[in-house]
Every structure is written in structure tokens, then in C-alpha cells.
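Peer 1: Just dropping this structure here.
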Amino acid sequence: MDAPGLCQNIFPAGLDSGPPPATLPAVKSLCVFCGSSSGADSAFTTAARALGETLARQGLTLVYGGGNVGLMGVIADAALAHGGKVIGVIPRSLVERELAHRRLTELHVVVSMHERKALMADRADGFIALPGGFGTLDEFCEILTWAQLGLHTKPCGVLNVNGFFDSFLAQVDRAVADRFIRPEHRALLLVGQNPDALLERMRKFQPPKVHKWIGRDEV
């Protein structure tokens, strides 16, 4: 367990303002954002367990928030139980509340939530959101925004368990219709109903070659 110092750059290595790489790197690790609660539907727990097992089975490292509760604990336990590598990143304040998972391959204790996000982004080749609350949506939308801005070209997807993200996807489509999001950037948001299907889409992902801003002539 280590405790890195405060990040001097708000973007981790590989997330700068330079031009994106011509080709995507191989996906070897995936960051999963998910709830620290299990939610009301047992399907959420089933999906988290299935995703953890699938990542381990496919030899993909799980990067996540380092917790031992809710869907976070479920996915970590599932990956570990099937021989997978799991990297957790957690703020010290949550460690002090005894919420850290102590059986991970690596556990990084950081100072702030901002540093947590940056380190998870740096250690992952792609990002998946499972059902969760404000924290999950915040983390996923921020990393999706970084993709929109061209700060990284890593695939971003949601595992839409029992339609959990239907309303979120409808809101995104509304933003496209109202010209706040380009249609090409809508394609940054991948969707899958099961882990295997989503991972296959992420491996085939090609980032759009378009700048973020909508010009005056498009309004």
C-alpha cells in the first residue's frame, strides 16, 4: 500500500492536450466506476460479479475505487476469486473509515478525490460504468468529457443493467438533438447489455476525428 503525493498536473500521464495517438493501445486494464451500495435490484450485484469474472477470465486488470462495500466490493471479490489482478485507488479519509479492500493486488492510498480520479485514469486503458449514484456519474461523465476534448482516446462504456442507464442515455440524446453535443461525440459513449458484448465494442472502438466545439455556422 503506498501513498503518492499530491498531483502537480490535473491530468495524469497520457492525458495531456497534445494530439491523440494514431492508433489505439491494446486494452489491458479497465477502470470500473460503480456504486458503494448494492442498489435495490439484485441484477446489479449479478452484473458486477459477472463483469469481475469476465475481466479476470480475459486477463484484464481491474482498476477501481478500492472499496470493500456495495458493487465495488462485489466486482473486486469476483475478479480476485477468478485469479484476476485488481488495483484499488482510495482517498485516505475512506481508509480511516475502514472502507478499503485489504486483499487487492495493489492498493494506492491518495490524499484527495481529484488525485484518485487522475491515478485511476492513468492506470486504465478504458472505462466502464456500472449502476451507481452521484459519484459514479461524476467519474464517468468527467472521463467521457476528457475523451470529447481529445485529452485521451480510451474507450468509455456503460453496462446497461435492466435499463438502469436508459434515462441517462436519453438525456445525452436530448443534448445531441439540442446541439450541445456533436453526433460524432455521442459515439464516444458505448453501451452493452452484458460484459462480453461491451468489451467487444470497446476493443473495436475508434475515436472520432472531430473537434469539440460547435461552430457558429452550425448553430
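Laboratory data are not the source of any read-out in this text; all were calculated from the coordinates shown. Keep in mind that this is a model prediction, so the values were computed, not measured. Virtual Cβ from ideal backbone geometry, glycine too; neighbours counted across all protein chains shown.
Peer 1: Taking the Cβ of each residue in D41, D122 as the centre, tally the other Cβ atoms inside 10 Å and list the residues starting with the fewest.
Peer 2: Listing D41, D122 from fewest to most nearby Cβ atoms yields D41, D122.
Peer 1: Here's another thing I want to ask about it. Check which residues have an amide H placed less than 5 Å from T61's amide H, if you skip close sequence neighbours.
Peer 2: Sorted by chain and number, the residues that satisfy this are S29, L30.
Peer 1: Would you calculate the volume per residue, in Å³, of the smallest convex hull containing every Cα atom of region 36-201?
Peer 2: Taking only Cα atoms, region 36-201 has a hull volume of 109 Å³ per residue.
Peer 1: Going Cα to Cα from K85, which lysines come in below 17 Å? Please leave out same-chain ones fewer than 8 positions away.
Peer 2: Counting by Cα, and skipping residues close in sequence, K85 has these lysines nearby: K28.
Peer 1: Moving on. Would you order I181, I90 from fewest to most other beta-carbon atoms within 10 Å of each residue's own beta-carbon?
Peer 2: Arranged by neighbour count, lowest to highest, I181, I90 become I181, I90.
Peer 1: Can I ask one more? Apply the Karplus curve 6.51 cos²θ - 1.76 cosθ + 1.60, θ = phi - 60°, to the phi angles in region 130-142 and return the couplings in whole Hz, x for Gly and Pro.
Peer 2: Each residue's phi maps through the Karplus curve to give 9, x, x, x, 4, x, 5, 5, 4, 4, 5, 5, 5 Hz.
Peer 1: At D196 and E142, where each label point lies 7 Å from the Cα along Cα→Cβ, what is the point-to-point distance in nanometres?
Peer 2: About 3.5 nm separates the two model spin labels.
Peer 1: What ³J(HN,Hα) values, in whole Hz, does the Karplus curve 6.51 cos²θ - 1.76 cosθ + 1.60 give for region 91-99 when θ = phi - 60°, with x put for Gly and Pro?
Peer 2: Couplings: x, 4, 4, 7, 5, 5, 8, 6, 9 Hz.
Peer 1: So, one more: Read phi for every residue in region 45-59 and hand back ³J(HN,Hα) as whole Hz from Karplus 6.51 cos²θ - 1.76 cosθ + 1.60, θ = phi - 60°, with x for Gly and Pro.
Peer 2: Computed from phi, the couplings for region 45-59 are 5, 4, 5, 4, 5, 5, 5, x, 5, 5, 4, 5, 5, 8, x Hz.
Peer 1: In what order do D178, D196 fall by count of nearby beta-carbon atoms within 10 Å, going from fewest to most?
Peer 2: In increasing order of surrounding Cβ atoms, one gets D178, D196.
Peer 1: Then there is this: If amide hydrogens are placed 1.01 Å from N in the peptide plane, which non-local residues have theirs closer than 5 Å to the one on V110?
Peer 2: Sorted by chain and number, the residues that satisfy this are I90, R92.
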